[in-house]
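Beneath this line is the structure, given in structure tokens, with notes to follow.
The values are calculated or read from the model by the stated rules, or taken from the named source; none is laboratory data. These numbers were taken from a predicted model, which means no experiment stands behind them. Counting neighbours? That spans all protein chains shown, and the Cβs are built from the backbone with ideal geometry, glycine included. SASA here: full protein model, heavy atoms, side chains in, ligands and nucleic acids out. Shrake-Rupley method; radii C 1.70, N 1.55, O 1.52, S 1.80 Å.
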Amino acid sequence: MRDLVGIVLAAGEGRRLRPLTDVRPKALCPINNTPLLDLAVARVRRHVAEVAVNTHHLARQVQAHLDGTGIMVSVETPDALGTAGALGALREWIDGRDVLIHNADAWLTDPLDQLVRGWDGTRPRLLVGPAGDGRADFGDRRFVGVSLLPGTIAASLPASPLGLYEAVWRSAWERGQLELTDVAGPAIDCGTVADYLRANLSANGGASVIGAGCVVKGELCRSVVWDGCTVEPGECLTDAVRATPSLTARA
């Protein structure tokens, strides 16, 4: 196995996921009662020696969540640096090693074995799925949020706002030097309330998700209730996420 480090990208503001991201960073929004960030870290940790997480929006919540875990936390301020800039800011920590990169908002069940297996570290490799809705990124495939990047390329990235597509992937694709590996199982970008809700239902076998300490006296239909919230008698919560006692987001 190559000497890999893992980076989970968790700095985004999550504008399309508002109002949920007004109270929590997107990376800490739970899928079937486990934060997206924890799911991504667990998936990456199977394959790497060390893990780092970048953060910007509501950074103190992410820092507190990771306190004591041994995970390197890179706080981006005053501005978020994008997917490439995040690696540039972590250049010394990466120390020339190859990088397994996981977007925190990508929900999937693939253990990444196929993505990592046989990679020789000379070209970027992306996990992709079919572009069934027409949103193709490369040929007829769409990127699903996980990639491998050679350490030599990571070392060349600046610590300034820049995306990996613009910095690396687009030109590699045009040169025929971008490797694509198909994802095993479902993959959902939890960028909107509707997609976040869909990921929760998929993770829970189609059933609504109820957090710890919730009181549900009414009815739930295709919905998510975060920890400590209440569904009142006579209330029917449908296609919605109850994030706090006073905040319910509709899909």
With charges set only on the Cβ (+1 for Lys and Arg, -1 for Asp and Glu), what does the dipole of region 109-222 come to about its Cα centre, in debye to the nearest 20? 120 debye
Might you work out the accessible area of Ile31 for me, using a 1.4 Å probe with all protein chains in place, and round it to the nearest 10 Å²? 10 Å²
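What is the gain in length, in nm to one decimal, between Ser246 and Arg135 on full extension, counting 0.36 nm per residue of separation less the C-alpha to C-alpha distance?
Net length gain for the segment: 36.5 nm.
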Per 5 Å bin, what is the whole-percent P(r) computed from every C-alpha pair distance within region 154-211? 4, 14, 15, 13, 13, 14, 12, 10, 5, 1
Just name one of Val216, Thr238, Gly206: the one whose Cα is farthest towards the positive end of the charge dipole of region 197-251 (beta-carbon charges, Lys/Arg +1, Asp/Glu -1). Gly206
At Gln114 and Leu180, where each label point lies 7 Å from the Cα along Cα→Cβ, what is the point-to-point distance in nanometres? 1.4 nm
About the Cα centre of region 1-108, what is the dipole size in debye to 20, counting +1 per Lys and Arg Cβ and -1 per Asp and Glu Cβ, all else neutral? 340 debye
About its Cα centre, how strong a charge dipole does region 29-170 have in debye, to the nearest 20, once Lys and Arg get +1 and Asp and Glu get -1 at the Cβ? 240 debye
Heads up, I need the accessible area for Leu162: 1.4 angstrom probe, whole protein in place, Å², nearest 10. 60 Å²
Kindly provide the trypsin sites (Lys or Arg not before Pro) of region 7-58 that DSSP labels as loop, not H, G, I, E or B, and whose Cβ sees at most 13 other Cβ atoms within 10 Å. Arg46
Quick check: Cα centre of region 179-228 to Cα centre of region 63-128, how many Å? 24 Å
Report, to two decimal places, the Cα Rg of the chain normalised by 2.2 N^0.38 Å (N = number of residues). 1.03
For the Cα atoms of the chain, what angle does the longest principal axis make with the long axis of helix 193-203, in degrees from 0 to 90, nearest 10? 90 degrees
